[in-house]
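Engineer: First, the structure itself, so that you have it in front of you.
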Amino acid sequence: MTRLWNEPADFADEMIAGFVAANGRYVRRVSGGVVRSTVVPDGQVAVVIGGGSGHYPAFGGLVGQGLAHGAAMGNLFASPSTQQVHSVAAAAEHGGGVFLSYGNYAGDVLNFDSAQDRLRAEGIPCETVTVTDDISSASVDERHKRRGIAGDLTVFRIAAAAAEAGYDLAGVTTVARRANDRTRSFGVAFTGCTLPGAEQPLFSVPEGRMAVGLGIHGEPGIDETDVPTADELAELLTARLLTELPDDIAQTNGGRVVPILNGLGSVKYEELFVVYGRIAQLLGDAGVEIVDPHVGEYCTSFDMAGTSLTLLWLDDELAELWDTPVDTPAYRRGSVVAAAHDDTAASAETTLDIPAASEGSRAAAALAAHAVTVIAETIDTHVDELGRLDQIAGDGDHGIGMQRGARAARAAAAAAVEGGAGAGTVLVHAADAWSDRAGGTSGALWGVILRSIGETIGDDDAPSAASVAAGVAAASDGVTAYGKAEVGDKTMVDALVPFSASLTQGVAAGATLSAAWQKAADAATRAAAATADLLPRMGRARPHAEKSLGTPDPGAHSLALIATAIGALLIDASDERN
C-alpha cells in the first residue's frame, strides 16, 4: 500500500513539486506539468506526452534531451485536463509544431483532442498518435480500441528521436505511428494497487493467484490463474506476444525486437531478471534478434505487484532512431551532449475575468454558487460509494475524481460571486475549475455540463425555467457530441438524456422549475439504476463488460444523485421566495 502522504487530494501536486525540485537539471514546472529545462533548437518538433500520475517514470520522468519536450501530468490515475495539456504544449513549442502522444484512454482522448483543437485554432500545427499496445484490451479486429501501457515508451522514444533528427511534424507522426503498429504488450498482476489515503486496493487477487491481462489503472484482469514459476510466467508472456505479429512481419525468424520487461511497482528487479533470462532464451529459440533489452520500471501502477512484457519490432529506420542518446530524470541511454539551461520564467497566472452582468443575474449568482456547493457536498457524502461502483469494472477513481472537481468548482464559483459575476459566469468559472482540477473523462464532461448551462443562461437576465431547461438540453447535446457516447452505452449519458428530456417537457407544459426539475431527477434516478442491466460499450469498463452486470454506471449514478440534491435546493429556494 501507499504509506506516505499529507492530504491525499494534494498528493499529485506535492509529488510534482518534489519531482521538479529534485530534477531541475532536466525539467522546469509549468502550469499543467513539466517541460525541458534545457534549450531546445528553434524549429524542432515538440513531443508532448502525458497521462495520469501514479505511473512514474511515466510521464514526467521521461522529459529531457532525446525524449519528450514536455509532459502533461494529471491527477492520480486521471487524465490531464484540456487546460493542462494546452499549457504544457504551448510552453514546449519552439516553432516546429507539437506532436502529442499518450495511452488510449477515454479521458485522455477527450482532453488531448480538445487541446489539439485549441492549438490548431491558435495557428500551432499539431498531430497525435495514441498508444494502443495492450493486446489484452481488445481483439485484433479492434486494435484501435486497445489501451496503452508500457508500450508508451517505444512510441515516445521513436517520436522524440525523429524530432531530434530534424524530422518535420508529418515525419514524426508517420514514424511514431509505425512504432505503435509494431509494438505489442501483455501484463499480469499478483496484487492490486492502493491510492494514497484509500483503505482498500482498487482490486484484489486471491492469495496464490495471478490476474492476467490487467490494466495499469487497477482495471481487473480478464483472466485469473495460479501463480506460475518465473519460467512459466516468461513462457506465458512470450507466447501471447509471439502469437500476434505486426501486419508487415510474416514470421519471427529473422525479426529484430526491443524487449521491455516492465515492473508495475512492487516486483523486485531481481525477480524481473530471473523472468527475463527465460524470455531471452525463448526469443532466441524463435529466431528473434534481441536489441537493447530493457528490464526495470518504465510504467508503474503505484504499489501493484505485477509485470508486463513489451516487444517493439524494429525495421532499419526504427533501429537507427532507437540508438538516439537520451538523458531524462528516469531514463538514460547513450551519451548526450548537454544543452544549455533554459532560464525562461514560468508565465504568470491569469487574473479573474468577470464580465458585466445585470442586477437580476447577479442576484441569481448566489443560488448558482449554492447549487455548486450542493454538488460538492453530495459528492463528499457519496465519494466512497462511487469509488466502489467504479471499482467493479473500472479503475475505482470516479469518487475521488468527482470530489476534486466539485471542490474546485465550489471555490471558483464562490470567488466569481465575490467578484460580482452574474449567474452564467459563475457556472462557467466553476466548469473551468472542475475540468482543470479533476481531469479525466468525468472532469471533461462535467466541465461541458456546467459551461453549457452557464453560457445558455448568460449574465444579461435572471435565469428562467425555460433558459435553465435550454441550458440542460445544451449540456446533454454537448456531452453526447464531445464524449461520443449514446444512450445504451452505460455512461452518464443514460441518465443525462432522460433528465434533460423530462425537464424540457415539464417546463414546456408550464411547470415551475423546481417541480419540473424534481420530476426530471426522478427520471434520471430510474435511468441510472437501469444501467445495471447494460453492458458498457465505452470507457475503461468496456474490456470487463460482463463484470459490470448488476452494477449501475457510476457516472450515471453520480449525475442522478446531483440532480436529486439540486432538486431539493430548488424546492427550498422556492419556499423561501413564497
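Engineer: Looking at (1) touching a helix residue (DSSP H, G or I) at 6+ places or on another chain (Cβ under 7 Å); (2) within 27 Å of Ser301 (Cα to Cα), which one does Ala431 not meet, given that it meets all the others?
Structural biologist: Here Ala431 meets the rest and fails (2).
Engineer: Within segment 33-43, is even one residue within 15 Å of Gly103 (Cα to Cα), buried (at least 24 other Cβ atoms within 10 Å of the Cβ) and among the small types (Gly, Ala, Ser)?
Structural biologist: Our first condition is that a residue be within 15 Å of Gly103 (Cα to Cα); within segment 33-43, this holds for none.
No, the conditions are met nowhere in segment 33-43.
Engineer: Residues of segment 279-299 being under 30 Å from Thr194 (Cβ atoms), among the β-branched types (Val, Ile, Thr) and surrounded by fewer than 22 Cβ atoms within 10 Å (Cβ to Cβ), which ones? Break it down into steps so the answer makes sense when it comes.
Structural biologist: Residues of segment 279-299 that are under 30 Å from Thr194 (Cβ atoms), as a first pass: 279, 294-299.
Restricting the remaining residues to those that are among the β-branched types (Val, Ile, Thr) gives 279, 295.
If the condition is that a residue be under 30 Å from Thr194 (Cβ atoms), among the β-branched types (Val, Ile, Thr) and surrounded by fewer than 22 Cβ atoms within 10 Å (Cβ to Cβ), then Val295 is the only one that fits.
Engineer: Hey, can you tell me all the residues within segment 253-273 that are surrounded by 15 or more Cβ atoms within 10 Å (Cβ to Cβ) and among the hydrophobic types (A, V, I, L, M, F, W, C)?
Structural biologist: Pass one, segment 253-273, residues surrounded by 15 or more Cβ atoms within 10 Å (Cβ to Cβ): 255-267, 271-272.
Across segment 253-273, the qualifying residues are Val257, Val258, Ile260, Leu261, Leu264, Val267, Leu272.
Engineer: Now for a separate question. Which count do you get for residues in segment 118-138 that are more than 17 Å from Gly187 (Cβ to Cβ) and either within 14 Å of the chain's Cα centre (by Cα) or modelled with pLDDT under 95 (or both)?
Structural biologist: Looking only at segment 118-138, we keep the residues that are more than 17 Å from Gly187 (Cβ to Cβ), and these are 118-130.
Add one more test, that the residue is either within 14 Å of the chain's Cα centre (by Cα) or modelled with pLDDT under 95 (or both), and what stays is 118, 130.
The total comes to 2.
Engineer: Can you tell me which residue is nearest to the chain's Cα centre (by Cα) among those in segment 44-79 that are part of a loop (DSSP other than H, G, I, E, B) and within 15 Å of Asp108 (Cβ to Cβ)?
Structural biologist: Here is the first cut: in segment 44-79, the ones part of a loop (DSSP other than H, G, I, E, B) are 44-45, 54-59, 64, 66-67, 69, 77-79.
Now restrict to residues that are within 15 Å of Asp108 (Cβ to Cβ): 54-55, 58-59, 77-79.
Numbers: Gly54: 11, His55: 12, Ala58: 13, Phe59: 12, Phe77: 7, Ala78: 4, Ser79: 2 Å.
Out of the qualifying residues, it is Ser79.
Engineer: For segment 171-183, indicate whether the set of residues that are touching a residue at least 60 places away in the same chain (Cβ under 8 Å) and surrounded by fewer than 18 Cβ atoms within 10 Å (Cβ to Cβ) is non-empty. Reasoning before the result, please.
Structural biologist: In the first step, residues of segment 171-183 are kept if they are touching a residue at least 60 places away in the same chain (Cβ under 8 Å); the result is 172-173, 175-176, 178-179, 181-183.
Adding the requirement that they be surrounded by fewer than 18 Cβ atoms within 10 Å (Cβ to Cβ) leaves 181.
Yes, segment 171-183 has at least one match.
Engineer: Moving to a separate point now. Conditions first: (1) touching a Lys or Arg at 6+ places or on another chain (Cβ under 8 Å); (2) buried (at least 22 other Cβ atoms within 10 Å of the Cβ); (3) under 28 Å from Leu321 (Cα atoms). Ser137 passes all but one, so which condition is the exception?
Structural biologist: (3)
Engineer: Scanning for something within 30 Å of Glu199 (Cα to Cα), aromatic (Phe, Trp, Tyr) and either touching a residue at least 12 places away in the same chain (Cβ under 8 Å) or touching a helix residue (DSSP H, G or I) at 6+ places or on another chain (Cβ under 8 Å) (or both), does segment 23-40 turn up at least one residue?
Structural biologist: no
Engineer: Can you pull out every residue in segment 483-496 that is surrounded by fewer than 21 Cβ atoms within 10 Å (Cβ to Cβ) and β-branched (Val, Ile, Thr)?
Structural biologist: Val487
Engineer: Further, regarding this structure: Test Gly439 against the criterion of being surrounded by 24 or more Cβ atoms within 10 Å (Cβ to Cβ) and touching a strand residue (DSSP E or B) at 6+ places or on another chain (Cβ under 6 Å), and give yes or no.
Structural biologist: Values: surrounded by 24 or more Cβ atoms within 10 Å (Cβ to Cβ): yes; touching a strand residue (DSSP E or B) at 6+ places or on another chain (Cβ under 6 Å): yes.
Yes.
Engineer: Take segment 443-482 and flag every residue that is crowded, with 24+ Cβ neighbours inside 10 Å, of a type outside the set (A, V, I, L, M) and in contact with a Leu (Cβ under 6 Å, 6 or more places away or on another chain).
Structural biologist: Within segment 443-482, Gly454 is the sole residue that qualifies.
Engineer: A further question follows. Being in contact (Cβ under 8 Å) with a residue 12 or more places away in the chain and over 30 Å from the mean Cα position of the chain (by Cα) is the filter here, so list the residues in segment 252-270 that pass it.
Structural biologist: As a first pass, look at segment 252-270 and keep what is in contact (Cβ under 8 Å) with a residue 12 or more places away in the chain: 252-267, 269.
Answer for segment 252-270, where residues must be in contact (Cβ under 8 Å) with a residue 12 or more places away in the chain and over 30 Å from the mean Cα position of the chain (by Cα): Thr252, Asn253, Gly254, Gly255, Arg256.
Engineer: Moving on. State yes or no: is Val295 modelled with pLDDT of 95 or more, out of contact with any Lys or Arg (no Cβ under 9 Å at 6 or more places or on another chain) and not aromatic (Phe, Trp, Tyr)?
Structural biologist: Numbers: modelled with pLDDT of 95 or more: yes; out of contact with any Lys or Arg (no Cβ under 9 Å at 6 or more places or on another chain): yes; not aromatic (Phe, Trp, Tyr): yes.
So Val295 passes the test.
Engineer: Next question, about the same structure. Looking at segment 97-110, I want the residues that are outside any loop (DSSP other than H, G, I, E, B) and have a partner that is buried (at least 24 other Cβ atoms within 10 Å of the Cβ) and of a type in the set (Phe, Trp, Tyr) with Cβ atoms under 9 Å, at least 6 apart or on another chain. Which pairs are those?
Structural biologist: Leu100/Phe112; Ser101/Phe112; Ser101/Phe156; Tyr102/Phe59; Tyr102/Phe112; Asp108/Tyr102; Val109/Tyr102
Engineer: What pairs come up if the first residue lies in segment 487-515 and is within 22 Å of His557 (Cβ to Cβ), the second is part of a helix (DSSP H, G or I) and among the polar types (S, T, N, Q), and their beta carbons are under 6 Å apart, counting only those six or more places apart or on different chains?
Structural biologist: So the pair list comes out as Lys490/Thr531; Val493/Thr480; Asp494/Thr531; Leu496/Ser476; Val497/Ser476; Ser500/Ser476.
Engineer: Give me the residue from segment 532-577 that is hydrophobic (A, V, I, L, M, F, W, C) and at pLDDT below 65 and, out of that set, farthest from the chain's Cα centre (by Cα). Full working, then the answer.
Structural biologist: The initial filter retains those residues of segment 532-577 that are hydrophobic (A, V, I, L, M, F, W, C), namely 532, 534-535, 538, 541, 545, 549, 556, 559-563, 565-566, 568-571, 573.
Cutting the leftovers down to at pLDDT below 65 gives us 538, 541, 545.
On the way: Met538: 14, Ala541: 14, Ala545: 20 Å.
Out of the qualifying residues, it is Ala545.
Engineer: Can you name the condition, by its number, that Ala250 falls short on among (1) of a type in the set (A, V, I, L, M); (2) buried (at least 18 other Cβ atoms within 10 Å of the Cβ); (3) part of a loop (DSSP other than H, G, I, E, B)?
Structural biologist: Exception for Ala250: condition (2).
Engineer: Let me ask something else about it. Out of Ala520, Ala528, I need the residue that is part of a helix (DSSP H, G or I), buried (at least 17 other Cβ atoms within 10 Å of the Cβ), in contact with a Phe, Trp or Tyr (Cβ under 9 Å, 6 or more places away or on another chain) and of a type in the set (A, V, I, L, M, F, W, C). Which one? Step through it out loud before you land on a result.
Structural biologist: On the way: Ala528 fails: in contact with a Phe, Trp or Tyr (Cβ under 9 Å, 6 or more places away or on another chain).
After applying the criteria, what remains is Ala520.
Engineer: Name the residues in segment 212-251 that are without any contact (Cβ under 8 Å) to a residue 12 or more places away in the chain and closer than 16 Å to Phe190 by Cβ, would you?
Structural biologist: Across segment 212-251, the qualifying residues are Thr229, Glu232.
The values are calculated or read from the model by the stated rules, or taken from the named source; none is laboratory data. Source: prediction; values computed, not measured. Reconstructed Cβ throughout: ideal geometry from the backbone, glycine too, with neighbour counts over all protein chains shown.
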